[in-house]
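Trainee: Below is the structure I would like to discuss, written out as structure tokens.
Laboratory data are not the source of any read-out in this text; all were calculated from the coordinates shown. Bear in mind the structure is a predicted one, so any value in this text is a computation, not a measurement. So basically every Cβ, Gly included, is an ideal-geometry build from the backbone, and we count neighbours across all protein chains shown.
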Amino acid sequence: MCGSGGGNNSEAEEARKREDERQAKIRDGRERIDQNFSQFDDDYFAGRRQSYLDYAKPQFDDQLTDASKTLLAALSRSGLSDSSIAANRREKLAKMAGTKEREIEDKALDFENSARKAVNSAQTDLYAQNANTADPMLAANTSMNRAQTLTSLPAYSPLGALFAGVTSGLATQADLERRGQAKYGNVLFGSGSGGSGTVINE
């Protein structure tokens, strides 16, 4: 009986020793994963956002400059440079620019958040694999490869035409302006039954 009990104790002790060794390897593997993923800090993710801004903002600026020049030329050709129509179109362009710029900033933030999510997911997977294999060298090599893959920048798509239509309808509005029928404050409608109006000269 004593011999049997001693054998059981020896087996239990050996099992505990093996488990302690396994847990030590798991901790070692986790440390190696953390070391390879230490580059993915807040500055890294902010850099992902900035990377897209650096790509998109010059395109935005160029398109806005071109749209402003195109609008100015169209207003000049139509004889509307100093009209209320010109003021309205310039205001419309400014609003469009603000909206498009916010969309670019939102997309840049999406790239930051997507990168953060991908890193967290990869690290969680590596932790699970490490817990199953208890192989620190495998954890080190696998996490290094995953980290290198994650640092690759995504392919950015060029911006589309952001300010299309900013000059649309100007020729028609110029003709209406000349006829005294423009709807931008140039006509004062009377209250007569005929609905006729009086043109106010600017």
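Trainee: Report ³J(HN,Hα) in whole Hz for each residue of the stretch 53-61, in order, from the Karplus equation J = 6.51 cos²θ - 1.76 cosθ + 1.60 where θ = phi - 60°; Gly and Pro get x.
Mentor: So the Karplus estimates, Gly and Pro as x, are 4, 5, 7, 8, 4, x, 5, 4, 4 Hz.
Trainee: OK, next. List the residues, sorted by chain then number, that are 5 or more residues from LEU162 or on another chain and whose placed amide H is less than 5 Å from its amide H.
Mentor: Correct list: empty.
Trainee: Positive end of the charge dipole of the stretch 1-79 (Lys, Arg +1 and Asp, Glu -1 on Cβ, about the Cα centre): tell me which of GLN50, PHE60, ASN8 has its Cα farthest that way.
Mentor: Value: PHE60.
Trainee: Holding the Cα-Cα limit at 28 Å, pick out from LYS95/LYS117; LYS57/LYS92; LYS92/LYS117 the pairs that are longer than that. Could the numbers behind the result be given before it?
Mentor: Values: LYS95/LYS117 33 Å; LYS57/LYS92 20 Å; LYS92/LYS117 37 Å.
Violating the 28 Å limit, Cα to Cα: LYS95/LYS117; LYS92/LYS117.
Trainee: Then there's this: Once each part is reduced to its C-alpha centroid, what is the distance from the stretch 96-136 to the stretch 1-79 in angstrom?
Mentor: Rounded to whole Å, the Cα centres lie 6 Å apart.
Trainee: Turning to a different aspect of this structure: Run the dipole for the stretch 87-135 about the Cα centre, Lys and Arg Cβ at +1, Asp and Glu Cβ at -1, nothing else charged, and hand back the magnitude in debye, nearest 20.
Mentor: On the way: 9 positive and 9 negative charges, 117 e Å.
It works out to roughly 560 debye.
Trainee: Which one of SER84, ASN113, ALA94 is farthest out on the positive end of the charge dipole of the stretch 75-117, using unit charges on Cβ (Lys, Arg +1; Asp, Glu -1) and the Cα centre as origin?
Mentor: Working it through, the farthest residue towards the positive pole turns out to be SER84.
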